[in-house]
Amino acid sequence: MKKYNIAVCGATGVVGRKMMKVLEERGIPVDNFYPMASYRSAGKTVVFNGKEYTVEELNEHSFDKPIDFALFSAGGSTSLKFSPIAAEHGTVVIDNSSAFRMYDDVPLVVPEVNPEDAFKHHNIIANPNCSTIQAVVALKPVYDRYGIERIVYSTYQAVSGAGQNGIKDLEEGLKGASPQKFPRQIAFNCIPEIDVFTDNGYTKEEMKMVNETRKIMGDQSLRITATTVRVPVYTCHSESINVETKKPFDMKDVFELYRSCEYLTLEDDMDKPSYPTALEHADQDGVFVGRLRRDFSVENGLNMWVVSDNLRKGAATNAVQILELLISRDK
Ligand code: A2P
């Protein structure tokens, strides 16, 4: 079996560490492995596939050696600076930051939704925003069967989405410390401000959900609005999604559609009752859907509740799935 030289850039971070774990779990054939991070971590060690590796400082010369794939999760400015250098050296970058997501020549890929786009790359492929990934997976069955007119997203996002410092803000905040990462205290609170505000009154996170959904679905006509909220949960984003479909639907058929869908899990039994929650699905791969019900206030309205681990399917697992797609055609 062919083996690959793989780098993880941001290997000491919350997502970077998860990327290493997912690479191991999925048995990606790795020859040489290069964990990279900032100068602060250079010389530290990490364990990958049972072997100890020394973390390298990511710099202009990191890609002078042959590296087939680099998974980046070291922030937007780091990606902007180093992904093009990697790409010029022939390394295929799978970038978890938002830096390149809206570039026309950079595919934005969720393997369950638009796998073919992955092969149109020019050495940089963008991994979408965590909230967008789970949303488009959950919406795909409805989109394919009934068409979608309009989407209303409301998110309940975990602190780990903001990295190590986000987790620390919740941990320390619970003990009474002032916030260092978030704009307000996150302990015992909900903050409707994720990423910075833009001129139209939406946050950047909200606009990411709008624009990235359209790009991944390949449908600029989709009408979408979003409210994104940080909540005191460590891992797993939860989302309320309200959809208006183009064609009418029968709720029985919708349940059947989701029950038989192989790339997500329906957890919806009103007799128990059962529905997915963040705590129950932390550290699991996949997208979990529940609370499927008709929205009686509009024609062809549907509500759903969607939970997924933001560090796994929302970041590391999706990135590794993209890598698997590329490897699958590299014979
Ligand atoms: P480091 O640990 O050396 O700061 P998180 O999102 O959990 O905060 O992690 C961010 C990741 O991105 C860490 O691995 C961090 O490395 C890395 N990182 C941050 N800035 C840079 C940079 N300028 N160059 C390389 N890696 C960086």
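The values are calculated or read from the model by the stated rules, or taken from the named source; none is laboratory data. These figures come from a predicted structure and were not determined experimentally. Don't worry about glycine lacking a Cβ; one is built from the backbone with ideal geometry, like all the others, and counts go over all protein chains shown. Accessible surface areas use protein heavy atoms only, side chains included; no ligands, DNA or RNA. Shrake-Rupley method; radii C 1.70, N 1.55, O 1.52, S 1.80 Å.
Estimated from helices alone, the mean residue ellipticity of the chain at 222 nm is -8500 deg cm²/dmol (sum of -39500 (n - 2.57) over DSSP H runs with n ≥ 4, per residue).
Overall, the accessible surface of the range 243-331 at a probe of 1.4 angstrom is composed of carbon and sulfur to the extent of 50 percent. Quotient of the Cα radius of gyration of the range 171-281 and 2.2 N^0.38 Å, N being its number of residues: 1.36.
Please list 270-278, 284-292, 13-21 highest first by mean number of surrounding beta-carbon atoms within 10 Å per residue. If you can, show how the numbers build up before the last one.
Values: 270-278: 13.8, 284-292: 20.8, 13-21: 23.8.
Top of the packing list down: 13-21, 284-292, 270-278.
Can you give the relative contact order of the chain as a percent, counting alpha carbon pairs under 8 Å and 6+ residues apart?
18 percent
Centre-to-centre, using Cα atoms only, the range 183-222 and the range 247-291 are separated by 24 Å.
Residue ranges 295-301, 115-121 sort as 115-121, 295-301 when ordered by packing (mean number of other C-beta atoms within 10 Å per residue, highest first).
Multiply the residue separation of residue 184 and residue 145 by 0.36 nm, subtract the distance between their alpha-carbon atoms, and state the gained length in nm to one decimal.
Additional length available on full extension: 9.9 nm.
Reported value for the chain: 153 Å³ per residue, from the convex hull of its C-alpha atoms. In terms of the mean number of neighbouring beta-carbon atoms within 10 Å, the peptides 255-262, 235-242 order highest first as 235-242, 255-262. Note on residue 122 and residue 154: the extension gain reaches 8.1 nm, defined as 0.36 nm multiplied by sequence separation minus the Cα-Cα distance. The distance between label points at residue 31 and residue 291 comes to 4.9 nm (points 7 Å beyond Cα on the Cα→Cβ vector). Gap in Å between the Cα centre of the range 17-62 and the Cα centre of the range 115-146? That distance is 26 Å.
Rounded to the nearest 10 degrees, what's the angle between the helix 163-174 long axis and the longest principal axis of the chain, both from Cα atoms, 0 to 90? The two axes meet at around 60 degrees.
Per residue, the accessible area of the range 20-135 comes to 43 Å², computed with a 1.4 Å probe over protein heavy atoms only.
Working note: Cα gyration tensor of the range 108-196, eigenvalues times five, square-rooted, sorted largest first, giving semi-axes of 33, 18, 9 Å.
Quick one: angle between helix 204-217 and the longest Cα principal axis of the chain, in degrees between 0 and 90, rounded to 10, please. Roughly 80 degrees between the two axes.
With respect to the chain, whose longest principal axis is taken over its alpha-carbon atoms, helix 14-25 is tilted by about 90°.
Fully extending the segment from residue 61 to residue 283, taken as 0.36 nm per residue of separation minus the present Cα-Cα distance, adds 76.5 nm.
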